[in-house]
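Novice: Okay, here's the structure, questions in a sec.
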Amino acid sequence: MKRAFLAALGLATGFAMPATAQDIKVGLLLPFSGVYAALGNDIEAGFTTALEQFGSETAATFEIVREDTEVKPPVALAKAKKLILQDKVDVISGIVSSGVLGAVRDMVHGAGVPLIVANAGNDEATGEACSPYITRMSFSNGQVNRPMGQWMYDQGIRKVYTLAPDYAAGRQMIDGFVQTFTAAGGEIVGQDFTPFQKTQDFGPYMAQAKSSGAEAVFVFYAGGEAISFVKQYDSFGLKAELPLYGSGFLTSSLYVNAQGPAAEGVITALHYVPTIDSPANAQFVEAFTAKTGRVPSEFAVHGYDAGRALIEAVKAGATDRESLANALRQVRFDGPRGALSIDPATNNIVQPIYVYETVAGTDGLTQKVLAELPAEADPVNGCEMAAPVSN
Ligand code: PHB
């Protein structure tokens, strides 16, 4: 089966496998159904792109066991248990929802299984609930949104209304923005948290924003909810009157073309856009597009960098759960997003944030970078990182 997977990746041909080649069993824990299904698919495609591109740098073979978390914390916890106890994986990667990450944290920490987070931004997982077994290669919810508070204030915006789904990520993303916007002198004139995965009609919330006296609206929505929200914001007639801002997942390259012209002019901030002008990104965009027929999103890059981090850890000599956990925390490389490193105080990634506007391009909508804001490590948020696990 492992050979079959390698062959499918095109890695086996022409590579002399030593008799002692190490087998690494990877559990991919992702939503393949529900509002975040497209995100899970893009992360998986990014992960396998990295194995194809960098796998031959090590003699190890990588076997993937994939499990669908849906967007349901109890389902995800059951799947994590299965991967750890039954499949006996060496490492887990994936996890899209902050709620799911909160649910599986104690299980992976207690079992001592390394987890490479490939999306979920849950601040607590690299804050008070941090673990030497959890390394995040994606972003934290606060990290993506804090820079935008100051940036919007600097653009002259003083009164903002916020909206987000009512779960950990929605609350933490908005908190990050509010912290810096109010510290700069801005005012939050109203807030709503909409029932997660249940809200079809955002009209009543938009009506509240309209009558609030706000000069702009700042939101976090992702996946299927982002598509509906952006379309409804435009058809409600709010876009011209109340400019729409948010964290960049709102207008992700993964689904911006499903939003269509409604997304034009929306300004958001994120740690990756496919238009980043660098050789490492050009190479990634080319490899990913050749494989999937679409440009990579931030989700694809999380999967790609998680796969690459795993290979780097194996190249550094890691062989089992403990040594993998230890090596993963020390990974650093230049990737499609720029220079990446892991903050040893929290195990969260340190990376720059890009403010971008969604604009019409020659091939549909594209991302125009307006500002690159410097990389900044998260505050430790109560993380007391245990001494590195022994090798
Ligand atoms: C999260 O739940 O942490 C989350 C989900 C989707 C995103 C970003 C963050 O696009």
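Novice: If amide hydrogens are placed 1.01 Å from N in the peptide plane, which non-local residues have theirs closer than 5 Å to the one on residue 370?
Specialist: Correct list: 355, 356, 357.
Novice: Separation of the stretch 222-255 and the stretch 73-149 by C-alpha centroid, Å?
Specialist: 27 Å
Novice: Averaged per residue, what accessible area in Å² does the chain show with a 1.4 Å probe, protein chains only?
Specialist: Computed with neighbouring chains in place, this is 37 Å² per residue.
Novice: While we're on this one: Filter 81/315; 291/368; 88/198 down to the pairs with a C-alpha to C-alpha distance above 32 Å, please.
Specialist: Result: 88/198 exceed 32 Å.
Novice: Something else: When ranked by the protection proxy of mean other Cβ atoms within 10 Å per residue, highest first, what sequence do the peptides 239-250, 219-230 form?
Specialist: In descending order of packing, they fall as 219-230, 239-250.
Novice: Rounded to the nearest percent, how much of the accessible area of the stretch 138-216 (1.4 Å probe, protein heavy atoms only) is carbon and sulfur?
Specialist: Carbon-and-sulfur percentage of accessible area, whole number: 43.
Novice: Could you give the length gained on full extension between residue 240 and residue 286, defined as 0.36 nm per residue of separation minus the Cα-Cα distance, in nm?
Specialist: Gain on stretching residue 240 to residue 286: 13.0 nm.
The values are calculated or read from the model by the stated rules, or taken from the named source; none is laboratory data. Everything quoted here is computed from the prediction, not taken from an experiment. Using ideal geometry, Cβ is built from the backbone for each residue, glycine included, and neighbour counts are taken over all protein chains shown. Ligands, DNA and RNA are excluded from the accessible area calculation, which covers all protein heavy atoms including side chains. Shrake-Rupley method; radii C 1.70, N 1.55, O 1.52, S 1.80 Å.
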